[in-house]
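Please read the structure below before turning to the comments.
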Amino acid sequence: MIMDTIKQKQRIVKQEHATQSDDFITDYEVRSLDTACINETELQHPWWYNFKYLIAGILFGIVLVKSEVVSWFRIQEMFRLQSFHMYGVIGTAVVTGIISIWLLKKFKVKTMHGETIHFTRKKFNKGQVIGGLVFGFGWAMTGACPGPLFAQLGAGITVIAVVIASAVAGTWVYGKLRDKLPH
């Protein structure tokens, strides 16, 4: 488990620096143990360099709206098992992701800047099941998962601002309780 690894790392670092206080371990040291942090780039770019992500996000939002993936009614149809539409979209995304990862690994593709892409295995744990259930309940109640929230806002569904605020609050609470949760 990640938390066991983090605690083990903390014990080792504390033993090496026994004269310092117990809370000197930085967030970076803890985050570096997560697999999500392995591919963080060290390159520095000017501020305008991020416009490509803004453009990609706008295009992605348009695709979400046009494919009706952000429709509350489509999401409710999915959870009531009344329509295959959302299952087809999600299934296509999963298959595309599997093929893409396989191709990246097979051809050892690098980033645009020549950096190596690392893939690491994550161990299954009960926190993933609990998190998935909470995510699913939230998705069913609000009619939105985190991906299309801003697309829904951009499509004029202004009530989704409450869901966005709740998602931000939930992320903040998770950050505060992370060490006490099963990982």
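The values are calculated or read from the model by the stated rules, or taken from the named source; none is laboratory data. Remember, it's a predicted structure, so these values are computed and weren't measured experimentally. Positions of Cβ are generated from backbone atoms using ideal geometry, with glycine treated the same way; all protein chains shown enter the neighbour counts.
A few notes on this one:
- Of the listed requirements (1) closer than 17 Å to Arg74 by Cα; (2) surrounded by 12 or more Cβ atoms within 10 Å (Cβ to Cβ), Met141 misses just one: (2).
- Residues in the range 50-77 that are more than 22 Å from the chain's Cα centre (by Cα) and under 15 Å from Thr142 (Cβ atoms): Phe73, Arg74, Gln76.
- Residue match in the range 12-19 (condition: more than 21 Å from the chain's Cα centre (by Cα), at pLDDT 55 or above and polar (S, T, N, Q)): yes
- Taking the range 158-175 as the range and being aliphatic (A, V, I, L, M) and outside any helix (DSSP H, G or I) as the test, only Val159 passes.
- Flag for Phe60 being surrounded by 10 or more Cβ atoms within 10 Å (Cβ to Cβ), aromatic (Phe, Trp, Tyr) and within 28 Å of Gly175 (Cα to Cα): yes
- Applying the condition of being of a type outside the set (Val, Ile, Thr) and within 17 Å of the chain's Cα centre (by Cα) to the range 166-180 and asking which residue is surrounded by the most Cβ atoms within 10 Å (Cβ to Cβ) yields Ala167.
- Selection from the range 135-144 of residues that are aromatic (Phe, Trp, Tyr) and touching a residue at least 60 places away in the same chain (Cβ under 8 Å): Trp139
- The set of residues in the range 70-127 being surrounded by 11 or more Cβ atoms within 10 Å (Cβ to Cβ) and touching a Leu at 6+ places or on another chain (Cβ under 7 Å) consists of Val70, Ile117, Gly127.
- Flag for Leu33 being surrounded by 11 or more Cβ atoms within 10 Å (Cβ to Cβ) and modelled with pLDDT under 75: yes
- Near pairs, Cβ below 7 angstrom, 6+ apart or cross-chain, from the range 107-134 (within 26 Å of Tyr49 (Cα to Cα) and touching a residue at least 12 places away in the same chain (Cβ under 8 Å)) to any residue that is among the hydroxyl-bearing types (Ser, Thr, Tyr) and surrounded by 10 or more Cβ atoms within 10 Å (Cβ to Cβ): Ile117/Thr111
- For the range 103-157, a residue qualifies if it is assigned to a loop (DSSP other than H, G, I, E, B), out of contact with any helix residue (DSSP H, G or I) (no Cβ under 7 Å at 6 or more places or on another chain) and of a type in the set (A, V, I, L, M, F, W, C), and the qualifying residues are Phe107, Val109, Met112, Phe124, Ile157.
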